[in-house]
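The values are calculated or read from the model by the stated rules, or taken from the named source; none is laboratory data. As the structure is a prediction and not an experimental result, all values here were calculated from the model. Here the Cβ is made from the backbone with ideal geometry for all residues, glycine too, and neighbour counts use every protein chain on show. Heads up: the accessible areas ignore ligands, DNA and RNA and are worked out on the full protein's heavy atoms, side chains in. Shrake-Rupley method; radii C 1.70, N 1.55, O 1.52, S 1.80 Å.
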Amino acid sequence: MGGFPILSIMLLVPLVAAVACLFVRAESARMIALVATLVDLALGIALWASFDIGGAQWQFVERAPLFAGFQWALGIDGIALLLIVLSVFLMPICIGASWNSIQNRVGEYMAAFLLMETLMIGVFAAQDLFLFYIFFEAGLIPMYLIIGIWGGKDRIYASYKFFLYTLLGSVLMLIAMFWMVHESGTTDIPTLMAYDFPPHAQTWLWLAFFASFAVKMPMWPVHTWLPDAHVQAPTAGSVILAGVLLKMGGYGFIRFSLPMFPEASAQFAWLVWALSMVAVVYTSLVALVQNDMKKLIAYSSVAHMGIVTIGLFAFNVQGLEGAMIVMLSHGIVSGALFLAVGVIYDRLHTREIDRYGGLAINMPRYAIFFMIFTMASVGLPGTSGFVGEFLSIAGIYQASSWVAFVATTGIILGAAYMLYLYRRVVFGDQKNADAAALPDIDKRELLMFAPLAAVVMWMGVYPESFLAPMRADIAALDARVSRAAPAGDAQLHVGAPKHEASSHGEHGSAAAHDEAATGEAH
């Protein structure tokens, strides 16, 4: 696909379709949105199939000067590739989830989602600093409209809270970007990732970026916008918010905070760990007492993102790979759980857990899919959740056994609230006649759940297909940050120093293994 501008086309297809949706009837708008998202999904699959795992770090690069040093610069590595594929995979499912539930201003609704797809892909593909910022911030607008127009009864409050929280944090990031360009003389992200900023400046730059990414993740205590946004958003809005938008914060840490400010990242690792440990335990306990299904899953998202941030700042390959897999798995699983809530909400128009019970009797197919996604959220071996959590905990333990202990406590609490939710909704006696009369999932809903369940099992059984594209990029990032890694209380590296092993990737690991074997033979 050399020379083919596939990334620009992936940005253009939903954008053109969004404009078209504004000028057609509701039925046509639904079909245009579905076709456009399926086309982007096909392009995303082609992108994955054409990605050269052993090739250059940055592939499908497109560059064109625009004005005043600003350039149209797109390109991806393995990390961005997987997040783009996640985005285009979820979008047709979101359109399907909105097919019958959205009857008001359908054209505008579909246009907002298509615009959101363009901006999400742009965030992960941008290679210019200010182009990234434009995509990153513009994504607030369609989600603000989706929550504020098609949300629940308190949608105005939730949409304003979502907008203000995320915007205020990003203002500091913009100021830091201007200083970085002035200092380095470039807006090129790959160049900036290898640029050594002065250590004293890194502290302030890291804090400025942290203000934005911490809100977007979201990290405790700036997470309070998320439960309100999820509860008030329509089902598809919750899917894309949990599935992709939260991952932008983690992507920001991987792309900016860690490689550009490694010394500051090491300096503030304790802060990230402390906030993340509080988030993992506190939000899990809060989730246990919720009676609103959406709010419970929203708090679980904060806990899972706490595992991600601890893994990212463990400063080792396992932690970084685990954090990425947790992000991918959470994007699929949380989106699927919100869809599961939306299916029964569309039938009974309530999210109160106590209004349900015994759904396995009259909705057996629904109960099976809900069980798969619940087990994945818990981290059952054989599902996507286990792979990410296992790698993350392994990486976290190398950094600090105490932090690993707290993170594991959060995983145990996660099993408690998810199994408690499933038991109260699916098992037990059918206390309410209206819930007992609910019909099982139809063909449209089956087409939404089946691919999500397939990916959950695929990632759990054969995670190598997801680890392979990003392994070289994770190794390069680890080599960049390991020089500044803080000393942990459980360093397990034996033989070669950490930076040597990580910089050589698999070859270095193999060499260390051979050396150890030789020593045993002697």
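A few points about this structure:
- Amide H within-cut-off set for Phe70, under 5 Å, with H built and near neighbours excluded: none
- Helices in the chain, meaning DSSP H runs of at least 4 residues, each add -39500 (n - 2.57). Divided by all residues, the mean residue ellipticity at 222 nm is -24000 deg cm²/dmol.
- For the stretch 301-306, backbone phi angles converted through the Karplus equation (6.51, -1.76, 1.60; θ = phi - 60°) give residue-by-residue couplings of 5, 4, 5, 5, 5, x Hz, Gly and Pro being listed as x.
- Accessible surface, the stretch 87-140, averaged per residue in Å² (probe 1.4 Å): 21
- What the Kirkwood sum gives for the stretch 50-190 is a hydrodynamic radius of 17.1 Å, with every pair of different alpha carbons counted.
- Carbon and sulfur %, accessible surface of the stretch 253-292 computed with the full protein complex present, 1.4 Å: 75
- Averaged over residues, the count of other Cβ atoms within 10 Å places the peptides 236-247, 53-64 in the sequence 236-247, 53-64, highest first.
- Residues whose amide H comes within less than 5 Å of that of Asp128, counting only those at least five positions distant or on another chain, are Ala73, Ile189 (H built at 1.01 Å from N in the peptide plane).
- Based on protein heavy atoms only, the stretch 270-352 ends up with 23 Å² per residue of surface accessible to a 1.4 Å probe.
- Computed from backbone phi, the HN-Hα couplings of the stretch 187-199 come to 10, 6, 5, x, 5, 5, 5, 9, 7, 9, 6, x, x Hz, rounded to whole numbers (Karplus: 6.51 cos²θ - 1.76 cosθ + 1.60, θ = phi - 60°; Gly and Pro given as x).
- Highest-first packing order for the peptide set 228-234, 163-169 is 228-234, 163-169, based on the mean count of other beta carbon atoms within 10 Å.
- Accessible surface, the stretch 358-454, averaged per residue in Å² (probe 1.4 Å): 43
- Heavy-atom accessible surface of the stretch 145-218: percent carbon and sulfur, 1.4 Å: 70
- Centre separation in Å (Cα based) which lies between the stretch 367-389 and the stretch 450-475: 14
- Working note: Karplus 6.51/-1.76/1.60 with θ = phi - 60° gives the stretch 14-29 the couplings x, 5, 5, 5, 4, 5, 5, 5, 6, 10, 10, 6, 4, 4, 5, 4 Hz, where Gly and Pro are set to x.
- Just the protein heavy atoms count here, and of the accessible area of the stretch 35-144 at 1.4 Å, carbon and sulfur take up 67 percent.
- Cβ crowding within 10 Å averaged over residues, with 264-273, 338-347, 323-332, 107-116 ranked highest first: 323-332, 107-116, 338-347, 264-273
- Dividing the mean sequence gap of close Cα pairs (under 8 Å, 6+ apart) by how many residues the chain holds gives a relative contact order of 14 percent.
- Pairwise inverse Cα distances across the chain, averaged and inverted, put the Kirkwood hydrodynamic radius at 23.3 Å.
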